[in-house]
Amino acid sequence: MEKKFLRPAMNDKKHRVLVAFENKKAVAYAIARINEQLPIKKRIKTAVIEHLFVTKKSRRKGLGGQMYAEILKWFKAQGVNRVELQVIVKNEAACTFWRKQGYRDFEHTWERKI
């Protein structure tokens, strides 16, 4: 996880990486990214929350909310006015968390196994 996702994002100015520790053990992380500005949408600057994960033992302690608040501060400082994220429909805990943060369905991605 560290080599594949965290390290590359940490070295990119368009990314923000947060990691939370309890007793020297990582228990949560978040990765956020600012999108390239599209010339068609000059007034809309979009960012993406790529990952926000908290271990089961560390959930319901406010870590996810704290990480999200820090990401929002960074987005606002960068002039972002629209945030996107993706959630697996079957991940009820994540869906509940993001709904509490004010997110709603915008687009559906459909899949089919062949």
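Readers should treat all values here as calculations from the given coordinates under stated rules, not as data from a laboratory. Keep in mind it's a predicted model, so treat the numbers as computed, not measured. Neighbour counts are summed over all protein chains in view; Cβ atoms, including those assigned to glycine, are modelled from backbone coordinates with ideal geometry.
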Checklist outcome for this item: Pairs over 25 Å Cα to Cα, from Lys25/Lys56; Lys24/Lys100; Lys24/Lys45; Lys24/Lys76, come to Lys24/Lys100; Lys24/Lys45; Lys24/Lys76
Checklist entry - Can you pull the percent of Cα pairs in segment 55-99 with separation above 16 Å? => result 49
Checklist outcome for this item: Filtered hits (aspartates and glutamates, Cα-Cα < 14 Å from Lys61, offset >= 8 within chain) -> Glu22
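Using DSSP to call loops (not H, G, I, E or B), can you name the chymotrypsin sites (Phe, Trp or Tyr not before Pro) in segment 55-95 whose Cβ has at most 16 other Cβ atoms within 10 angstrom?
Sites meeting the loop and neighbour criteria: none at all.
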Checklist outcome for this item: Counting sequence-distant residues (5 or more places) and residues on other chains, those with an amide H built under 5 Å from that of Glu50 are Ile31, Ala32, Arg33
Checklist entry - So what's segment 21-108 giving for Cα Rg divided by 2.2 N^0.38 Å, two decimals? => result 1.18
